[in-house]
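Structure first, then comments.
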């Protein structure tokens with residue numbers, strides 16, 4: 001597995017943070033992030049999320065929001081989504097014949113009861129979101145290592 005895409009709604013909180021955390025762990029794997037909406041195309045990650053991540057030593061200021069497209073199925077080996085709505089929206093764009101896996105990120109944290117990464121844009125819990133994303137990034141790192 002060499003190319004992973006992280007997807008959330010607006011691509012300004014969860015998915016860029018997930019991308020930044022994972023690329024810090026696995027710099028040899030190409031990563032990107034996208035949103036299912038077009039709300040923030042071209043915008044940097046949300047200021048409070050950037051600040052919370054930077055407090056942990058993770059800089060994501062170089063990232064810019066973009067919208068998910070059907071072409072991402074061909075461009076990536078794995079698409080990782082933050083919640084069920086993101087999964088639904090991504091799957092709605094799946095081209096016929098595409099076999100690219102789409103999986104929820106939160107279960108990779110190891111807490112079976114947690115299925116979704118809550119959106120801190122609404123919950124305002126940036127640190128709690130980052131805790132879950134860090135644990136899920138570690139789980140994804142193990143998953144990638146096992147699949148190679």
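The values are calculated or read from the model by the stated rules, or taken from the named source; none is laboratory data. Treat the numbers as computed from the prediction; the structure is a model and nothing was measured. As a convention, Cβ positions derive from the backbone with ideal geometry for all residues, glycine included, and neighbour counts pool all protein chains shown.
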Among residues belonging to the stretch 13-28 that are in contact with a helix residue (DSSP H, G or I) (Cβ under 7 Å, 6 or more places away or on another chain) and within 12 Å of residue 65 (Cβ to Cβ), point out the one that is surrounded by the most Cβ atoms within 10 Å (Cβ to Cβ).
14
Identify, from the list 4, 41, 29, the residue that is within 15 Å of residue 138 (Cα to Cα), at pLDDT 95 or above and over 10 Å from the mean Cα position of the chain (by Cα).
29
Over the stretch 118-147, the set of residues closer than 16 Å to residue 82 by Cβ and not in a helix (DSSP H, G or I) is 118, 119, 125
When the residues of the stretch 114-142 are filtered to those that are touching a residue at least 40 places away in the same chain (Cβ under 8 Å) and touching a strand residue (DSSP E or B) at 6+ places or on another chain (Cβ under 8 Å), which remaining residue is surrounded by the fewest Cβ atoms within 10 Å (Cβ to Cβ)?
119
If we ask which residues in the stretch 60-79 are surrounded by fewer than 13 Cβ atoms within 10 Å (Cβ to Cβ) and either modelled with pLDDT under 95 or within 16 Å of the chain's Cα centre (by Cα) (or both), their number turns out to be 3
